[in-house]
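Handing you a structure now.
Read-outs: derived from the displayed coordinates by stated rules, not from any lab. Note that the coordinates shown come from a computational prediction; the quantities given were computed from them, not determined experimentally. So basically every Cβ, Gly included, is an ideal-geometry build from the backbone, and we count neighbours across all protein chains shown.
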Amino acid sequence: MERDRITRDVSPDDGGIVRLFEARDEEALRQTEKAHGALIRRVAARFLGDARDCEEVVSDVLLAAWNAIPPHRPDSLPAFLVTLARRAAISRLRAENRAKDVPREHLLALEELEEILPDRGSPEGEVIAKELAASISSFLKKQPARRRAVFLYRYYASCSVEEISRRLSFGRSTVEKDLKKTRDALKKQLEREGYEA
């Protein structure tokens, strides 16, 4: 019993946290919140202004992770949690019938991608989404570092064009051109692979 308590006090790495999830050990929830709670709150705060809503998103993310792992085994736990946090924050806004309060910048970023990504509302959507994620990841690895950074800031971190411009010390028009070129190139690759928007 004492040995169990001592091993639970040691913080596992992300691989260890995933193994706790797979073992259905509730310690996974505590360790995830401890290691990645601040990251989840930062993502939630981009969409939600209220600290209580951000805390609710943390709870939603922990529950979603608990339900997803297993069978899913994320390659990157932080990236997986960020995705869950974005979804939970947007769902919370919609559920509270406050979609009109979503910053226009976030909606614009989502609309830009909707133009090139295929519809995933079909029954085989989960399989398609995984394949699509792998294709996008492969595509981004081949992009120049600047264009990759601009794309990730815009569509992964939901940053505005102005914020990306400030962070990377490029003009607004450079950021907009990079986004358009990357979206156009991604659309062509996805079409070659058989995805249709």
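Exposure proxy check: 169, 137, 160, 91 ranked by fewest other beta carbons within 10 Å?
Neighbour counts put them in this order, fewest first: 169, 137, 91, 160.
Using DSSP to define loop residues, name the GluC sites (Glu not before Pro) in the range 11-40 whose beta-carbon has at most 13 other beta-carbon atoms within 10 Å.
Answer in residue order: 26.
Among 34/141; 141/180; 141/177; 34/142, which pairs are too far apart, with a Cα-Cα distance over 28 Å?
34/141; 34/142
For 81, 29, what ranking results if the residue with the fewest other Cβ atoms within 10 Å of its Cβ goes first?
The most exposed by this proxy come first: 29, 81.
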